[in-house]
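**Student:** First the structure, which I've put down as structure tokens, then a few questions once you've had a look.
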Amino acid sequence: MKIAVAVKYTPNPYQVKIHVRTGTLLIEDVEFGVNPKDFYALEAALRLKEKTNAEVVAVTVGGEEADEALREALGMGVDRGVHLFDKALGFIESAVSAEILSEYVKKVEKFDLILTGMESSDLKGGVFSTRLAALLDYPFAVGARDIEVEDGSIIVVQDFFPKISKVKIPLPAVVSVSDRFGEPRYPNMWAISEAYKDDKVKKVPLEDLGLDRGIIEKYLKLRRYALYSDEEGVRRRLSGPKDEVAKSIVEVIKDYL
Amino acid sequence: MPIEFSLPPEAKLAKKVAKRFVENELYPIEEEMDKYFKENPRDLIEKAAKMGLMGVSIPKEYGGAGLGEIGYCAVMEEIGGFSSSFATIVGAHLGLGTTALYLFGNEEQRKKYLPKLTKGEWIAAFGLTEDQAGSDASNITTTAKREGDEWVLNGRKIFITNGDIADIVIIFAMTDKALGAGGISAFIVETDTPGFSVGSHFRKMGIRGSATVELILEDVRVPKENLLGELNRGFIYGLVTLDGGRTTVSCGAVGAARRILNYLIEYANIAKRKGIPMSHYQTIQWAVAEIGAEVRAGKFFAYHTAKLIDEYFEKIAKRKPVPRPFRELVTRDSALSKMYCSELASRAIEKVMRLVGAYGYLEGYTLERAFRDSIISEIYEGTNEIQRYVAGRELIRRGRWFE
């Protein structure tokens, strides 16, 4: 069995500042690391590895610096890393990273199970795994707090707090892992000392997947960043039919821009 | 002389992980640990051991993580920066007890003890200090007498970190009184040996999360195989081991100063005086600049020494010759950097305490604890007075500064 864990290299959101006038991010001196929720996916994969002797591969999509996320995953005990790489891949949203990863899976390497965290700490979209499953046309389960392998399929205990539900899905599949899965282990010093060996991480440039930088702005063009406000009066709750709410949101955003 | 200070990537990652460990595991119990007087926090040690922190510097072949002294110092900058108590526990186990065994033990001794120690299954301690032999370590009165295939040890050791939970202690004892310091030998003593017992626990001003005890040896019989290294070389072994121990103290002190600097910056950005943020006052700006400069300088000095110790220990462990000028350089820089870094931390903390006023004086607050905890760095692993004496005397004897 081969398990991939999608990890994202994210800034500590509490340290990021936004320049009020220019709407740009100020991220010098911000600490980066593995997206905290991805640790649960790594933990889930490593527990499955202990039970089934599966091979665990950490995969990330990002620029040069994202390499560190893979090294940290290696420190936790994953077998190897795959870095889907381009210099221009800085802050990208999940539609882009899901498409890049799906191309890699289609063209280069198949996995039996792809695990992800619930959301990233920077953009907080929470839809990466859904998009990935759709692009690959794989079955999908959300919010796993337990995963069991049963010949060719998995039983996922899904966490819809306070309810839980059990679902059996065939492999290959995509599963997002809940932060109630269990405390993720720390990377250990023994594995850290091996983590930077050359052969541990495979770097795959976008061109090798038949993609180019155009993909970055295919779905979403970033205009500016702004602070969200907690103040009363600024915050509004929209209700009504979904279509109308969506339209109102678009209007609000247009006003803002 | 190394002028490149960037850490190797493994050490950087280890440091980052240690920082997370500190934030998640030490931060919540910081106050509780400060109340302990008697016992070392065993579950914390277990967690650290599982991560490989208890053997981070020792080579892989002996069960360690193989990150060397630089990796060890990087980790200790984070741990010591946050909790002098826990840094003291790790330091006494790894930096002193385990390192002494690694550096000077023969292959059988290394194979027998190191795998357990580096995995943290066993805890080590370092038994040098006595009532009348602290700075004057050559004055020890604990004795070891040869009887057949055994050594019989008698005496008392004080201020022994980890002594209460240690599985082995490196005990320094006089084997030939006539030779003075040259008649001291080191022994590996397993603490379940009959005649070995733990005496009083010492109550301390700071580092209360780490137990400091008295050890009593009454006719403790250890097999002759437990003589560490060669006979009558113990004093040198002790000094060399402490050269390394001091370096991690330097790194921890720099970490503590950095933490307090960040505390001041954060405080000054929030607190207001006369309606103006404190950060707008020149007094604060100057303090931040001064502490910042010292933290920077101290960090360079500490890691420069770590690099030297890394080379030094590798040579010793592989039984390669160490040229005398190099040995002197290591001892001098280790003494000076420990003196400088420990004092810069205390200076920084005292300055910040005064600037934030009463909050700096309240019990249970970061500053008050940091103040009490930082003093020990000026005392242990050789008092700063002794460091001044060693380095100053040598420089004067040479006739000029050595560059």
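**Student:** Report, to two decimal places, the Cα Rg of the protein assembly as shown normalised by 2.2 N^0.38 Å (N = number of residues).
**Tutor:** 1.09
**Student:** Which residue, A:Gly143, A:Gly90, A:Gly23, tops the fluctuation ranking in a GNM of chain A built on C-alpha contacts under 10 Å?
**Tutor:** Fluctuation is largest for A:Gly23.
**Student:** Please list, or write none, the lysines whose alpha carbon is within less than 26 Å of the alpha carbon of B:Lys274, excluding same-chain residues fewer than 8 places away.
**Tutor:** B:Lys351
**Student:** With n ≥ 4 as the cut-off for DSSP H runs, can you work out [θ] at 222 nm for the protein assembly as shown, using -39500 (n - 2.57) per run divided by the number of residues, rounded to the nearest 500?
**Tutor:** -13500 deg cm²/dmol
**Student:** Let me ask another. Please list, in order along region B:293-303, the HN-Hα scalar couplings obtained from phi with the Karplus expression 6.51 cos²θ - 1.76 cosθ + 1.60 (θ = phi - 60°), rounded to whole Hz, x for Gly and Pro.
**Tutor:** Per-residue couplings from phi come out as 4, 5, 4, 4, 4, x, 5, 4, 4, 4, 6 Hz.
**Student:** Highest GNM mean-square fluctuation, chain B, Cα pairs closer than 10 Å: which of B:Ala297, B:Ala271, B:Ala74?
**Tutor:** Among B:Ala297, B:Ala271, B:Ala74, the largest GNM mean-square fluctuation belongs to B:Ala271.
**Student:** Just add up the charged neighbours of A:Glu119: K/R +1, D/E -1, any other residue whose Cβ is under 15 Å from the Cβ of A:Glu119.
**Tutor:** Residues near A:Glu119 contribute 0 overall.
**Student:** Something else: Using only alpha carbon pairs under 8 Å that are at least six residues apart, calculate the relative contact order of chain A and give it in whole percent.
**Tutor:** 23 percent
**Student:** Collect residues whose amide H, placed 1.01 Å from N in the peptide plane, falls under 5 Å from the amide H of B:Thr191; neighbours closer than 5 in sequence don't count.
**Tutor:** B:Ile168, B:Val169
**Student:** Also, quick follow-up: Can you tell me the dipole magnitude for region B:234-398 around its Cα centre, using point charges on the Cβ only (Lys, Arg +1; Asp, Glu -1), in Debye to the nearest 20?
**Tutor:** Dipole about the Cα centre, nearest 20: 360 debye.
**Student:** OK, next. Report the convex hull volume per residue for region B:9-123, counting only C-alpha atoms, in Å³.
**Tutor:** Roughly 87 Å³ of hull volume per residue.
**Student:** Please report, to one decimal in angstroms, the Kirkwood hydrodynamic radius of region B:182-325 built from all distinct Cα-Cα pairs.
**Tutor:** By the Kirkwood definition, the hydrodynamic radius is 19.9 Å.
**Student:** Now, a different point. Where nothing but the Cβ of Lys and Arg (+1) and of Asp and Glu (-1) is charged, how large is the charge dipole of region B:102-168 around its Cα centre, in debye to the nearest 20?
**Tutor:** Result for region B:102-168 is approximately 200 debye, rounded to the nearest 20.
**Student:** If you take the charge dipole of the protein assembly as shown about its Cα centre, with +1 on Lys and Arg Cβ and -1 on Asp and Glu Cβ, which of B:Val220, B:Gly120, A:Ala41 is farthest toward its positive end?
**Tutor:** Value computed over the given set: A:Ala41.
**Student:** Turning to a different aspect of this structure: Once phi is turned into ³J(HN,Hα) by the Karplus curve 6.51 cos²θ - 1.76 cosθ + 1.60 with θ = phi - 60°, what whole-Hz value does each residue of region A:217-222 show in order, with x for glycine and proline?
**Tutor:** Calculated HN-Hα couplings, in order: 10, 5, 9, 8, 10, 7 Hz.
**Student:** Mind listing the long-range amide H neighbours of A:Leu171? Cut-off is under 5 Å, sequence gap 5 or more, other chains count too, H placed in the peptide plane at 1.01 Å from N.
**Tutor:** Counting only residues 5 or more places away or on other chains, the set is A:Ser153, A:Ile154.
**Student:** With every protein chain kept in the model, how would you rank B:Lys274, A:Lys197 by accessible area, 1.4 Å probe, largest at the top?
**Tutor:** Order by accessible area, largest first: B:Lys274, A:Lys197.
**Student:** Then there's this: If pairing requires two Cys Cβ atoms under 4.7 Å apart, which cysteines of chain B are left without a partner?
**Tutor:** That list is B:Cys341.
**Student:** If you don't mind, there's one more thing I want to ask. Once amide H atoms are placed 1.01 Å from N in the peptide plane, what residues at a sequence separation of 5 or more from A:Leu26, or on another chain, have their amide H within under 5 Å of its amide H?
**Tutor:** Here the answer is A:Lys17, A:Ile18, A:His19, since their amide H atoms fall under 5 Å of that of A:Leu26.
**Student:** Please state the charge dipole magnitude for the protein assembly as shown, taken about the Cα centre, from unit charges on C-beta atoms (+1 on K and R, -1 on D and E), reported in debye and rounded to the nearest 20.
**Tutor:** In debye, rounded to 20, the protein assembly as shown gives about 1080.
**Student:** Could I ask something else about it? Please compare each pair in B:Lys111/B:Lys320; B:Lys50/B:Lys307; A:Lys166/A:Lys221 to a cut-off of 29 Å on the Cα-Cα distance and tell me which ones are over it.
**Tutor:** Over 29 Å Cα-Cα: A:Lys166/A:Lys221.
**Student:** Specify the residue with the greatest mean-square fluctuation among A:Leu42, A:Leu211, A:Leu136, computed from a Gaussian network of chain A linking alpha-carbon atoms under 10 Å apart.
**Tutor:** A:Leu211
**Student:** Could you tell me which of B:Tyr359, B:Ser377, B:Tyr303 has its Cα farthest along the dipole of region B:291-395 towards the positive end, charges placed at Cβ (Lys, Arg +1; Asp, Glu -1), taken about the Cα centre?
**Tutor:** So the residue furthest toward the plus end is B:Tyr303.
**Student:** Do you know the relative contact order of chain B, to the nearest whole percent, from alpha carbon pairs under 8 angstrom that are 6+ apart?
**Tutor:** 17 percent
**Student:** For region B:275-315 and region B:71-93, what is the separation of their C-alpha centers, rounded to whole Å?
**Tutor:** 17 Å
**Student:** Using alpha-carbon pairs under 8 Å, 6+ residues apart, how would you state the relative contact order of region B:125-228 in percent?
**Tutor:** Worked out over region B:125-228, it gives 31 percent.
**Student:** Whole angstrom only: what separates the Cα centroid of region A:109-151 from the Cα centroid of region B:122-197?
**Tutor:** Measuring centre to centre over Cα atoms gives 59 Å.
**Student:** Rounded to the nearest Å, what's the spacing between the alpha carbon centres of region B:387-403 and region A:181-228? Just the number, please.
**Tutor:** Each part's Cα centre sits 52 Å from the other's.
**Student:** Still on this structure, please answer the following. In whole Hz and in residue order, list the ³J(HN,Hα) couplings for region B:20-27 that follow from phi through the Karplus curve 6.51 cos²θ - 1.76 cosθ + 1.60, θ = phi - 60°; x for Gly and Pro.
**Tutor:** Coupling constants for region B:20-27: 5, 4, 4, 5, 7, 9, 8, 4 Hz.
**Student:** Determine which lysines satisfy two conditions relative to A:Lys107: a Cα distance under 19 Å, and not lying fewer than 8 residues away in the same chain.
**Tutor:** Straight-line reach from A:Lys107, under 19 Å: A:Lys2, A:Lys202, A:Lys203.
The values are calculated or read from the model by the stated rules, or taken from the named source; none is laboratory data. Only a predicted model underlies this, so the values are computations on that prediction, with no experimental measurement involved. Positions of Cβ are generated from backbone atoms using ideal geometry, with glycine treated the same way; all protein chains shown enter the neighbour counts. To get the accessible areas, we keep the full protein, side chains included, count just its heavy atoms, and leave off ligands, DNA and RNA. Shrake-Rupley method; radii C 1.70, N 1.55, O 1.52, S 1.80 Å.
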